[in-house]
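**Q** First, the structure itself, so that you have it in front of you.
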């Protein structure tokens, strides 16, 4: 069957004619200044998550990288010799002469990156499987696994190529079978050499594109004490991985995913992206323009170009019943201007529709005009074949001495800026923590250690990813801090008072590159926030940067956070006389008896969110359940919303150091304190309790070792982790 096409030669009035080779989408609309579009023709992938095309999208070979001639309405294959595989995302060079693309040869092999001329000449493979690929396939063959994948390439202004890859060998945190793998950003030289990792995220990154200022825009999925599927937000980094910063979406719940983001030409504050569910659909949805000159902590920056389709709850779509367009879905937006876009359109409203996807123009009013559709394959990822201005090359600014130590330096000008409700002088320390990705070599090939979507269980109904402590550093009297952090790790901070209790928690993380020096103005800072105008330099800069050190009673600041050795000894020392046995006082059993996956005291204190009715003793304060709920649970929280200053347990044990703001909780804590007035924890013992509460109730201190009590006789049953084991090194 012949392709269904629209072209200038057909004279269809829907397109309008403005001279040879120029197509308009209607009266007054800006004309196209190009006559060709490069796109991918293939069967639509059937992945069940926004990021799993390469895992469970299926392998249906056919189609090609194609060029659409808008004057004739015909499409030609660029690399016909590769038609037996499946094409992934691609990019067009700035001079419009070459294309770099991902291609999968067979179902049993991963995607690799190739390059060729726009005419198909000079085809070459840029990435090869790692040397240990065969061993990886053999070792991790349980469920999905064909080794590694390299995908989503984009050209960089300096001649290199950015892409995403599973070479990091991390597993998705909320995946009990551990068959979904993480992709993070990499870069390589233009010839495929010198591959290096740019980020270290625990869950996937995707669809890099170069911004007008030379930085790389990308989708970053993240959750640190917030809903696990809500935040796939837009971030940016320099082409060497330094300077990573939020663009939009870190506290936006719906849509759960902003992906396929691109900068709008000539406007540094405008972006276009697809807003999609997390699952079970495959990265299709609505088209949203984002204006970051507006408050990025709100929904104000979003303009729905296609308001007739939305994601108003995870797992599906809302279609406007009054829409004149019926049910339609979109993906792959490419901005021609701030008001005109190329998109891939499915007019059926069925995300898994295999063929019925065509290339369209989309204007600001939501009107589409079909430019091409094939009867056998879907058509995706349209990019105009036209030269673009090369964005500036962002110069690398690193300290070679720091880089040699694999460290980075961070300067906080004034921690009180944005720390509402906290008086100057109250903030004394920063606690530096890390979220650790789960490596493939922590995979279990036996049953019983999964819980609440955790493959290697870390907590009960709380965090899904492992946390470790790196130490504390001082805050100066003017609110400034200057300190070192390990590079290429997922660093987040907690502001502490004089008692080492949390005032505020950073619920995101920053990847610092070796030798990087970066600064922020304070808490809840946004990238557009103006720097402070100070008469004098921050006090912290009058001295060398601090190395994170121990809290009182700790041998080292860098340590695992392991409940059985941190917290249980305190209960053993003070509490078992009353809170153990068959009839513990208050129904609270604080013994260390092992349960199926944890111990009795831990299960007694932690919320129970997986069974009806849900149970929470409301003694720990708000413990964030990253799966409870999965969407939502992402909003900005003011100071003292989490941690010790919300905890009845801590207030009861603190000897007056914690004054709860909730009157009922304060009265309850006072009553309990009177009943337990004979108990006097040392400062170090209290600190072990507060640090645990502020780690969001984590139980295990590493991903390694068997958990389920049925493995109690095994040598690797519930080992006490070292710090090196905790950080998977």
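**Q** Nearest 0.05, what FRET efficiency do residue 572 and residue 445 give at R0 = 30 Å with Cβ-Cβ as r?
**A** On the way: r = 34 Å, r/R0 = 1.15.
Once rounded, the FRET efficiency stands at 0.30.
**Q** State the extension gain, in nm to one decimal, for the chain segment bounded by residue 583 and residue 269, taking 0.36 nm per residue of separation less the distance between their alpha-carbons. Write down the numbers at each step before the final one.
**A** On the way: separation 314, 0.36 × 314 = 113.04 nm, distance 6.25 nm.
Length gained between residue 583 and residue 269: 106.8 nm.
**Q** Using only Cα atoms, locate the centre of the range 473-510 and the centre of the range 39-78, then give the distance between them in Å, rounded to an integer.
**A** 46
**Q** How far, in degrees from 0 to 90, does helix 663-675 lean away from the longest principal axis of the Cα atoms of the chain, to the nearest 10?
**A** 40
**Q** Using 0.36 nm times the number of residues separating residue 594 and residue 121, minus their current alpha carbon distance, what extension gain do you get? Mind showing how you got there, number by number?
**A** Details: separation 473, 0.36 × 473 = 170.28 nm, distance 6.51 nm.
Full extension from residue 594 to residue 121 adds 163.8 nm.
**Q** If all Cα-Cα distances of the range 557-612 are sorted into 10 Å bins from 0 onward, what percent lands in each bin, rounded to whole numbers?
**A** For the range 557-612, the pair-distance distribution reads 23, 50, 23, 5.
**Q** Further question: Per residue, how big is the convex hull of the range 411-516 when only Cα atoms are used? Give it in Å³. List each step's numbers first, then the result.
**A** Values: hull volume 12.9 nm³, N = 106.
Dividing the Cα hull volume of the range 411-516 by its residues yields 122 Å³.
**Q** Here is a further query. With the cut-off at 25 Å, report for the range 122-234 the share of all Cα pairs above it, as a whole percent.
**A** Cα-Cα pairs in the range 122-234 separated by more than 25 Å: 27 percent.
**Q** Next up: Quantify how much of the Cα-Cα distance distribution of the range 607-663 extends past 16 Å, in percent. Write down the numbers at each step before the final one.
**A** On the way: 832 of 1596 pairs.
Value for the range 607-663 (Cα pairs over 16 Å): 52 percent.
**Q** Give me the one-decimal Kirkwood hydrodynamic radius in Å for the range 657-711, with the sum taken over alpha-carbon pairs.
**A** Value: 14.3 Å, from the Cα pair sum.
**Q** Kindly work out what percent of the DSSP beta bridges joining two residues of the chain are antiparallel, to the nearest 5.
**A** Counting DSSP beta bridges with both partners in the chain, the antiparallel share is about 95 percent.
**Q** Right, next: Computed FRET efficiency, Cβ-Cβ of residue 389 and residue 423, R0 45 Å: what is it to the nearest 0.05? Don't jump to the answer; show the numbers that get you there.
**A** On the way: r = 50 Å, r/R0 = 1.11.
Using R0 = 45 Å, I get an efficiency of 0.35.
**Q** Okay, next question. According to the Kirkwood expression over distinct Cα-Cα pairs, how big is the hydrodynamic radius of the range 299-349, in Å? Could the numbers behind the result be given before it?
**A** Numbers: mean 1/r = 0.0820 Å⁻¹.
Kirkwood hydrodynamic radius for the range 299-349: 12.2 Å.
**Q** Quick one: compute the contact order of the chain, relative version, from alpha carbon pairs under 8 angstrom and 6+ residues apart, as a percent. Working shown, then result.
**A** Values: 1912 pairs, mean separation 84.8, N = 729.
Reported as a whole number, the value is 12 percent.
**Q** Over all directions, what mean area does the Cα convex hull of the range 593-718 project, stated in square nanometres? Write out the running numbers ahead of the final one.
**A** Numbers: hull surface 40.2 nm².
Answer in nm², one decimal: 10.0.
**Q** Let me ask something else. On a C-alpha basis, how far is the centre of the range 228-307 from the centre of the range 611-674 in Å? Whole number, if you could?
**A** 32
**Q** Of all the Cα-Cα pairs you can form in the range 205-355, what percent are over 28 Å apart? Please report the intermediate quantities before stating the final value.
**A** Values: 1665 of 11325 pairs.
In whole percent, the long-distance tail amounts to 15.
**Q** Cα gyration tensor of the range 358-426, axes a ≥ b ≥ c as square roots of the eigenvalues: rounded (a/c below 1.5), prolate (a/b > b/c) or oblate? It would help to have the intermediate numbers written out before the result.
**A** Values: a/c = 3.65, a/b = 1.97, b/c = 1.85.
Note, shape of the range 358-426 comes out prolate.
**Q** Dimensions of the range 222-309 along principal axes (Cα, Å, largest first)?
**A** 33, 31, 23
**Q** Per-residue ellipticity at 222 nm for the chain, helices alone: DSSP H runs ≥ 4 residues times -39500 (n - 2.57), over residue total, nearest 500 deg cm²/dmol? Write out the running numbers ahead of the final one.
**A** Numbers: 10 runs with 68 residues, N = 729.
Computed ellipticity for the chain at 222 nm equals -2500 deg cm²/dmol.
**Q** Just want the ordering: 224, 634, from fewest to most Cβ atoms lying within 10 Å of their own Cβ. List each step's numbers first, then the result.
**A** On the way: 224 21, 634 25.
By the 10 Å Cβ count, ascending: 224, 634.
**Q** Follow-up question, since we're still on this one. How long are the three semi-axes of the equivalent ellipsoid of the range 571-666, in whole Å, if each is the root of 5 times an eigenvalue of the C-alpha gyration tensor, listed from largest down? Provide the component values of the computation, followed by the final result.
**A** Details: eigenvalues 122, 81, 23 Å².
Those come to 25, 20, 11 Å.
**Q** How big is the C-alpha Rg of the range 190-235 next to the rule-of-thumb value 2.2 N^0.38 Å, as a ratio? If you can, show how the numbers build up before the last one.
**A** On the way: Rg = 13.1 Å, N = 46, 2.2 N^0.38 = 9.4 Å.
So the range 190-235 has a normalised radius of gyration of 1.38.
**Q** Taking the highest mean first, how do the peptides 653-660, 579-586, 425-432, 244-251 order by number of other beta carbon atoms within 10 angstrom per residue? Kindly include the intermediate steps, with their values, before the conclusion.
**A** On the way: 653-660: 17.9, 579-586: 13.0, 425-432: 20.8, 244-251: 22.8.
Ranking the peptides 653-660, 579-586, 425-432, 244-251 by packing returns 244-251, 425-432, 653-660, 579-586.
**Q** For 595, 292, 259, which order do you get if you count the other beta carbons within 10 Å of each Cβ and list the fewest first? Let's see the in-between values first.
**A** Values: 595 13, 292 19, 259 24.
Fewest-to-most ranking of 595, 292, 259: 595, 292, 259.
**Q** What is the spread of the Cα atoms of the range 400-726 along each of their three principal axes, largest first, in whole Å?
**A** Its Cα atoms span 65, 49, 39 Å along the three principal axes.
**Q** Same structure again: Mean 1/r over all different Cα pairs, inverted: what Kirkwood radius does the chain give, in Å?
**A** Values: mean 1/r = 0.0367 Å⁻¹.
Across the chain, the inverse of the average 1/r is 27.2 Å.
**Q** How far is helix 683-694 tilted off the main Cα axis of the chain, in degrees rounded to 10, range 0 to 90?
**A** Long axis of 683-694 versus the principal axis of the chain: about 30 degrees.
**Q** Can you give the log10 of the normalised intensity I(q)/I(0) at q = 0.07, 0.14, 0.15 Å⁻¹, computed with Debye over equal Cα scatterers of the range 4-384?
**A** -0.28, -1.25, -1.47
**Q** What FRET efficiency comes out for the pair residue 537/residue 636, r = Cβ-Cβ distance, R0 = 25 Å, nearest 0.05? Kindly include the intermediate steps, with their values, before the conclusion.
**A** Details: r = 30 Å, r/R0 = 1.18.
Once rounded, the FRET efficiency stands at 0.25.
**Q** Something else about it: Between residue 405 and residue 677, what is the label-to-label distance in nm when each label sits 7 Å out along the Cα-to-Cβ direction?
**A** Distance between label points: 5.1 nm.
**Q** Determine, for 235, 571, the number of other Cβ atoms within 10 Å of each Cβ, and report the residues in order from fewest to most. Write down the numbers at each step before the final one.
**A** Details: 235 27, 571 22.
So the residues, fewest neighbours to most, are 571, 235.
Here, each number is a calculation from the coordinates, and none is a lab measurement. A quick note: this is a predicted structure, and the numbers were derived from the prediction, not measured. We place every Cβ from the backbone using ideal geometry, glycine too, and count neighbours over all the protein chains shown.
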